[in-house]
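Here is the structure we will look at.
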Amino acid sequence: MRKSGSFALFALGFRPFFLAAGVSALVLMGLWLALWQGLVPPVGYFTLVEWHAHEMLFGYTSAVIAGFLLTAVRNWTGMAVPTGKLLATLALLWLAGRMLVVTPQAPGWMVALVDLAFLPLVAWVPPFEEARLPEGYRLAPRAADHAVA
């Protein structure tokens, strides 16, 4: 159950990332077409094809993977997953990666650091959150808890 007054977008892990994947697919497709037709000048580090490949991997696909993992981890293991401010921080990190790619003043190492750090942080945060839970507390029982000897 959601706390009264909390923002629903950051209540479950799939919400911000599946939304980000969908919106980025639409926006980036439009931007790609505009760049391809020469309506918008290219900005950033990559050629058009490199930028497209980069955004497919680190933009769209990373958002889908993050949304899936933050849903599956909770359902399959019963571990706590990030919500609220921590989930919003992960979403902002993903968004920062998208913005840095098209910011010519950003150093290349920063673009790489943000994009390469995103998925490892998504994978690391759920166990970190579980470690902060009270002893013996889990969101849902695991299959092993119901095994008959």
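The values are calculated or read from the model by the stated rules, or taken from the named source; none is laboratory data. All values reported here derive from a predicted model rather than from experimental measurement. Every residue, glycine as well, gets a Cβ built from its backbone with ideal geometry; the counts of neighbours run over all protein chains shown.
What the table below lists for this structure:
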quantity: Among (1) within 21 Å of Ala123 (Cβ to Cβ); (2) crowded, with 19+ Cβ neighbours inside 10 Å - the single one Val101 does not satisfy; calculated: (1)
quantity: Extreme residue, surrounded by the fewest Cβ atoms within 10 Å (Cβ to Cβ), among residues of region 25-42 that are within 21 Å of Leu92 (Cβ to Cβ) and either touching a residue at least 12 places away in the same chain (Cβ under 8 Å) or not β-branched (Val, Ile, Thr) (or both); calculated: Leu26
quantity: Per-region count, region 94-122, residues within 16 Å of Leu69 (Cα to Cα) and touching a residue at least 24 places away in the same chain (Cβ under 8 Å); calculated: 6
quantity: Gly22 being farther than 18 Å from Val111 by Cα, surrounded by fewer than 17 Cβ atoms within 10 Å (Cβ to Cβ), at pLDDT 90 or above and not hydrophobic (A, V, I, L, M, F, W, C); calculated: yes
quantity: Odd one out for Val64 among (1) farther than 24 Å from Trp109 by Cβ; (2) more than 13 Å from the chain's Cα centre (by Cα); (3) surrounded by 12 or more Cβ atoms within 10 Å (Cβ to Cβ); calculated: (2)
